[in-house]
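Please read the structure below before turning to the comments.
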Amino acid sequence: MKPTLLILAAGMGSRYGSLKQMDGLGPSGETIIDYSIYDAIRAGFGKVVFVIRHSFAEEFKEIFAPERFGGKIEVEFVFQELESLPEGYSVPEGRVKPWGTNHAVMMAKGVIKEPFAVINADDFYGKESFQIMANHLRKIAGTRGKYAMVGYHLENTLSEFGTVSRGICVTDVDYNLISVVERTSIQRKEFEICYSEGGKDYPLAADTFVSMNFWGFTPEYFDYSEEMFKQFLDAESTKNNLKAEYFIPYVVDLLIQRGDASLKVLECDAKWFGVTYKEDRPFVVEKLNQLIEKGVYPRDLWVRGE
């Protein structure tokens with residue numbers, strides 16, 4: 001059984017200033033999504049599922065039609081909307097912010113029945129990371145609660161042009177995840193890296209393992225997610241915060257603490273980069289061109305790709 005790749009592409013790219021998922025960064029107009037799918041095909045993934053929004057679905061489907069990939073991978077689309085809530089729940093008055101990454105994952109329950117990886121649409125993860133994750137997903141097929149994530153060092157995941165959000169990880173000596181907590185407003189300040197919370201700055205070690213939302217799960221994760229989403233919606237902290245988000249690290253951390261799951265952090269030497277801000281774009285274009293010059297990717301990805 002081939003694993004599936006779930007791409008979270010429903011974000012509107014507010015900080016970037018446009019639908020960055022569709023921005024052509026490669027020499028033949030390739031997006032970061034194209035490079036992720038190319039690497040996924042090489043690693044043995046059999047299907048890609050896009051989580052998108054109805055507001056830009058027509059444009060998105062036109063660009064990422066199955067024909068684009070030459071029949072090398074199956075393609076499906078699912079939708080994340082603010083109103084996508086369990087029966088008996090409604091959107092709180094004044095709520096406009098999406099429900100977060102794990103809510104997006106939940107939208108794919110009806111189309112994914114096999115081990116699957118989750119990635120962001122706007123992050124470049126590298127060829128090796130997809131191979132490592134695909135190998136792990138094949139090993140855990142038919143099991144429950146043996147999850148994984150590709151781990152990156154914090155210092156290699158920052159933007160020079162603003163703050164970022166990262167899942168800060170603690171592992172044991174065997175690289176089993178002990179805990180993961182989403183930290184927002186992370187940036188380099190003079191000689192240290194800090195995250196901000198409650199108006200204060202807290203330092204983080206440069207070599208801290210962080211999650212870049214490259215996760216590996218088996219299908220029962222959807223059931224856990226639905227159960228915990230109701231608990232999340234019922235919590236006073238959610239009811240009193242119209243911007244509260246249901247993050248993947250929140251669910252993973254609870255499952256580990258409950259003993260329902262374990263998660264292996266998969267080390268990878270691949271270099272991460274992304275386009276959180278518009279100013280990141282020239283750097284990403286340069287990095288892609290360097291990889292092409294090294295022969296990692298063809299200049300025209302889908303005409304001369306594998």
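For the reader, a short list of remarks on this structure follows.
- Secondary-structure-derived ellipticity at 222 nm for the chain, considering helices only, amounts to -7500 deg cm²/dmol, per-run term -39500 (n - 2.57) for DSSP H runs with n ≥ 4.
- Rounded if a/c under 1.5, otherwise prolate or oblate - the stretch 172-306, Cα gyration tensor axes: prolate
- Filtered GluC sites (Glu not before Pro), the stretch 56-139: DSSP coil and at most 11 other beta carbons within 10 Å: Glu83, Glu87, Glu93
- Model label zone, Glu93; criterion: amide N under 16 Å from point 7 Å along Cα-to-beta-carbon; scope the stretch 216-231: none
- Sorted largest first, extent of the stretch 92-243 alpha carbons per principal axis (Å): 48, 44, 29
- Taking a sphere under 14 Å around the Cβ of Ala206 and counting the other residues whose Cβ falls inside, with K and R at +1 and D and E at -1, yields a net charge of -1.
- For Asn135, net neighbour charge (Lys/Arg +1, Asp/Glu -1) across residues whose Cβ lies under 14 Å away: +4
- Qualifying GluC sites (Glu not before Pro) in the stretch 181-212, where qualification requires a DSSP coil assignment and no more than 13 other C-beta atoms within 10 Å, comprise Glu190.
- Cross-link partners of Lys127 among lysines (Cα-Cα below 16 Å; sequence separation of 8 or more within a chain): Lys271, Lys287, Lys294
- Neighbourhood net charge (9 Å Cβ-Cβ; Lys/Arg +1, Asp/Glu -1) for Lys264: 0
- If you run the Gaussian network model on the chain, springs between alpha carbon atoms under 10 Å, then out of Gly142, Gly198, Gly110 the most flexible one is Gly198.
- Coarse-grained scattering of the chain at q = 0.11 Å⁻¹, given as base-10 log I(q)/I(0) from a Debye sum over alpha-carbon atoms: -0.66
- Averaging Cα coordinates gives a centre for the stretch 112-127 and one for the stretch 259-289; these two points are 11 Å apart.
- For the residue pairs Lys200/Lys264; Lys47/Lys139; Lys61/Lys139, the alpha carbons lie more than 23 Å apart in Lys200/Lys264; Lys61/Lys139.
- Pairwise inverse Cα distances across the stretch 47-109, averaged and inverted, put the Kirkwood hydrodynamic radius at 13.3 Å.
No value in this document is a laboratory result; all are computed from the given coordinates. Since this is a predicted model, take the numbers as computed values, not measurements. Because the Cβ atoms are built from the backbone with ideal geometry, glycine has one as well, and the counts that use them run over all protein chains shown.
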